[in-house]
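Chemist: Once you've had a glance at the structure underneath, I'll fire off some questions.
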Amino acid sequence: MYKKSGYPKLIVDLQKLKHNIDVVQLACRDQGVEIAGIIKGCTGLGPCAMQYERAGCAYIGSSRLEQLAPLREMGIQAPLMMVRVPMLSEVEDVVRICDISLNSEVAVLKALNAQARTQDKEHQVILMADCGDLREGFWDKDEMVEVAVMVEKDLHNLHLAGVGVNVGCYGSLLPTPEKLQELVDIAERIEERIGRELEIISGGATSSLMRVDDGNLPPRVNHLRIGEGILLAYDLPHLYGYDHHHLHQDVFKLRAEVIEVKTKPSHPVGEIGFDAFGHRIKYEDRGMRRRALLGIGKCDYGDPEELICCEPGAQVLGASSDHTILDIEDAERDLKVGDIIEFDIKYATIVYLTNSGNVEKVYI
């Protein structure tokens, strides 16, 4: 059987990952907030998931059951959280694999309850509120309160652990203190009806770390689901200007091999149509330029514009399915076939690379 070796490689620095987990978790704990470490961004890579366990995260979460299922076999004991509302077709596995799940549909809640009864388990649920980002969650908050009461009083194999919200992932909604207070208000309406305090008020994901940094998280928000803010720590500094210099932004690095070096025109020669993905591309004519091809392409990482080339003077021009093209005319190094180019990468690129069987994963 063929075993992938050589390049491309994704280098994963587990010590830097553990550092990021520890720093984020300490900042949250100082404000009474537990975190679920979300591993979907790295496709649930086992050695990465183990760092969340070692750091003592309250939960380890993913949107994919196939990423959570192997964790018990690895010896991970942390509670597992399903962070995409379950499909009806997977409720049996959700109950079998996960300790807790996010939910927004009565039919799914009833199916989860039936499965939990069959498996002789109690499954915890968080009801999601849609406070304007327009992804998952109850829009009608009166309905949400009534469903919470139903779960509490009628679905005896479910435990209503709390409520949650998503902000920013679809509708680009900002997690303002006022927006997160809407979730707290819903939680308190539910608590008044069921006669007890909810354990979890989950105030969003990485973007809600802005409220931790600013110290204005509503006091009752006690849980966040953090993925990118630990794995990459890029968005808040680069998009919103937050100082996260204490976090590593290079937990993941891509290394790819040069497979061709030649001087060629910078503009295609002939009649222009569409590229391999059906797009019309505009090319800049800079005359004859020295170019390098790399043995990696869009099938492995998605968008070449998400690659940050670490080779001084080199520029990413674009890519096809299996090739990446660099302009190396002004590169400081005299690049040759067989040389290795390193890249910093963004969140979506990590998702693609960790999913790619063509990319070897190397842990340091």
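The values are calculated or read from the model by the stated rules, or taken from the named source; none is laboratory data. Just so it is clear, the structure is predicted and the values come from calculations on it, not from any experiment. Because the Cβ atoms are built from the backbone with ideal geometry, glycine has one as well, and the counts that use them run over all protein chains shown.
Chemist: Somewhere in the stretch 108-120, is a residue buried (at least 20 other Cβ atoms within 10 Å of the Cβ), within 19 Å of the chain's Cα centre (by Cα) and under 21 Å from residue 200 (Cβ atoms)?
Modeler: Taking every residue of the stretch 108-120 in turn, none turns out to be buried (at least 20 other Cβ atoms within 10 Å of the Cβ), within 19 Å of the chain's Cα centre (by Cα) and under 21 Å from residue 200 (Cβ atoms).
Chemist: Then there is this: Quick one: count up the residues across the stretch 72-107 that are in a strand (DSSP E or B) and touching a Leu at 6+ places or on another chain (Cβ under 6 Å).
Modeler: 2
Chemist: Here is a follow-up. List, please: which pairs have Cβ atoms under 7 Å, are six or more places apart or on different chains, and start with a residue in the stretch 72-95 that is surrounded by 15 or more Cβ atoms within 10 Å (Cβ to Cβ) and end with one that is assigned to a helix (DSSP H, G or I) and of a type in the set (Asp, Glu)?
Modeler: Sorted first by the residue in the stretch 72-95, then by its partner, the pairs are 76/53; 78/53.
Chemist: On to the next question. Kindly provide the set of residues from the stretch 33-71 that are assigned to a strand (DSSP E or B) and either in contact with an Asp or Glu (Cβ under 8 Å, 6 or more places away or on another chain) or hydrophobic (A, V, I, L, M, F, W, C) (or both), ordered by number.
Modeler: Matches in the stretch 33-71: 35, 36, 38, 59, 60.
Chemist: Is it fair to say residue 270 is assigned by TED's automatic domain parsing to the domain that holds residue 55 and among the small types (Gly, Ala, Ser)?
Modeler: no
Chemist: Looking at 69, 49, 58, which one is touching a residue at least 40 places away in the same chain (Cβ under 8 Å) and more than 15 Å from residue 125 (Cβ to Cβ)?
Modeler: 58
Every residue, every condition in (1) surrounded by 15 or more Cβ atoms within 10 Å (Cβ to Cβ); (2) modelled with pLDDT of 95 or more, yes or no:
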site: 276; (1), (2): no, no
site: 301; (1), (2): yes, yes
site: 307; (1), (2): yes, yes
site: 327; (1), (2): yes, yes
site: 332; (1), (2): no, yes
site: 352; (1), (2): yes, yes
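Chemist: Residues of the stretch 118-139 being touching a Ser or Thr at 6+ places or on another chain (Cβ under 9 Å) and either in a strand (DSSP E or B) or closer than 19 Å to residue 151 by Cβ (or both), which ones?
Modeler: Within the stretch 118-139, 123, 124, 125, 126, 127, 128, 129, 130, 136, 137, 138 meet the criteria.
Chemist: Looking at the stretch 283-307 only, could you name the residues that are aromatic (Phe, Trp, Tyr) and over 15 Å from residue 354 (Cβ atoms)?
Modeler: Matches in the stretch 283-307: 283 only.
Chemist: Test of understanding: among 82, 50, which residue is outside the structural domain of residue 300 (by TED's automatic domain parsing) and within 15 Å of the chain's Cα centre (by Cα)?
Modeler: The unique qualifying residue is 82.
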